[in-house]
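Only the coordinates and a few stated rules stand behind these numbers; no lab work does. Just so it is clear, the structure is predicted and the values come from calculations on it, not from any experiment. Don't worry about glycine lacking a Cβ; one is built from the backbone with ideal geometry, like all the others, and counts go over all protein chains shown.
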Amino acid sequence: SRGSAGERTSVPGSGLGLYICRSIVEAHDGRIWIDSTVGEGTTVGVWLPHEPRTLRARDAGVLQSTV
């Protein structure tokens, strides 16, 4: 849901939320973007590919070592 521009929280965040989202999205070969307008709000967009990506050599090594 969309909050009003006047809503504020008294509990500050750690600032890691978008960084974590970006890391997850990019790990899936997706894209994330932000559009922000002062006084109006922020929109965060995410695009993920429909087809599964092929395993990278690094990922394949991790899977083999944990099986």
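Simple spin-label estimate for TRP33 and TRP47 gives 0.7 nm between the two label positions (7 Å along the Cα-to-Cβ direction from each Cα). Ordering VAL38, VAL46 by the number of other Cβ atoms within 10 Å of each residue's own Cβ, fewest first, gives VAL38, VAL46.
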